[in-house]
Amino acid sequence: MTFSWWRRGGGGAANAATATGEAEWGMAGDGRGGMIPSQSQLQRAGTVRVLLLSALLKTFMASEAAVVHTGGCHCRRVRWQVEAPASVVAWICNCSNCSMRGNTHFIVPAAKFKLQAGADEFITTYTFGTHTAKHTFCKVCGITSFYTPRSNPDGVAVTVACVDPGTVKHVEYRKFDGGNWDNFFRTSDIAGFSKDKAEAAE
């Protein structure tokens with residue numbers, strides 16, 4: 001904050017006002033009509049910055065911390081739970097299959113995904129092309145609520161729209177060019193999403 005406009009009148013009242021401002025705010029003149037923050041002001045500003053950074057860090061850590069999401073198919077015969085952050089990265093793929101299904105999914109390590117008891121008997125699987133991807137869907141309602149993607153055979157792709165409301169707080173959407181699968185996969189970081197953080201860092 002600067003009180004330099006008080007000095008422009010040149011009168012005693014202006015100087016008195018400046019002095020009052022300096023005393024009130026703990027600021028000293030810099031000799032050029034500006035004010036120099038006091039040590040206590042600098043300390044308070046530093047404290048505010050620390051508190052803001054701490055709040056931002058807590059928000060980031062909360063978004064990165066794993067929570068348990070639940071979800072499943074339309075008829076609810078296939079139900080599951082998955083451990084993933086509240087903030088997820090979802091992939092929009094344009095391969096022939098995903099385009100027709102309108103599939104948008106986030107990927108987790110297979111160990112983080114668990115089918116509920118009895119769901120197996122209602123699941124069937126479709127494969128094509130390289131047969132690496134296992135497109136699982138419900139025999140009754142036909143919904144693909146999860147599947148094993150070709151890009152991450154060690155993981156599970158969870159359909160964002162099939163997650164029960166309330167636990168996913170933010171979704172970052174990314175495009176995966178499944179129409180040019182091999183070239184895009186080589187330049188993408190998608191393979192790391194089915195790895196644990198420690199494993200991915202190696």
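The values are calculated or read from the model by the stated rules, or taken from the named source; none is laboratory data. Treat the numbers as computed from the prediction; the structure is a model and nothing was measured. With ideal geometry, Cβ positions are generated from the backbone for all residues, glycine too; neighbour counts draw on all protein chains shown.
Among the conditions (1) over 21 Å from residue 193 (Cα atoms); (2) touching a residue at least 12 places away in the same chain (Cβ under 8 Å), the only one that residue 80 does not satisfy is (1). The set of residues in region 110-132 that are of a type in the set (Gly, Ala, Ser) and either at pLDDT 95 or above or not assigned by TED's automatic domain parsing to the domain that holds residue 80 (or both) comprises 110, 111, 117, 118, 119.
Restricting region 88-138 to residues that are of a type in the set (D, E, K, R) and in contact (Cβ under 8 Å) with a residue 24 or more places away in the chain leaves a set whose member that is farthest from residue 182 (Cα to Cα) is 114.
Any idea how many residues of region 91-108 are under 13 Å from residue 146 (Cβ atoms) and either crowded, with 19+ Cβ neighbours inside 10 Å or within 21 Å of the chain's Cα centre (by Cα) (or both)? Total meeting the criteria: 6. Among the numbered conditions (1) buried (at least 16 other Cβ atoms within 10 Å of the Cβ); (2) among the β-branched types (Val, Ile, Thr); (3) more than 29 Å from residue 184 (Cα to Cα), tell me where residue 88 comes up short. Of everything listed in (1) buried (at least 16 other Cβ atoms within 10 Å of the Cβ); (2) among the β-branched types (Val, Ile, Thr); (3) more than 29 Å from residue 184 (Cα to Cα), residue 88 misses just condition (3).
Look through region 93-145, keep the residues that are among the hydroxyl-bearing types (Ser, Thr, Tyr) and in contact with a helix residue (DSSP H, G or I) (Cβ under 7 Å, 6 or more places away or on another chain), and return whichever of them is nearest to residue 80 (Cα to Cα).
So in region 93-145, the residues among the hydroxyl-bearing types (Ser, Thr, Tyr) come out as 96, 99, 104, 124-127, 130, 132, 136, 144-145.
Remaining after also requiring in contact with a helix residue (DSSP H, G or I) (Cβ under 7 Å, 6 or more places away or on another chain): 104, 144-145.
Values: 104: 17, 144: 12, 145: 9 Å.
Of everything passing the filter in region 93-145, 145 is nearest to residue 80 (Cα to Cα).
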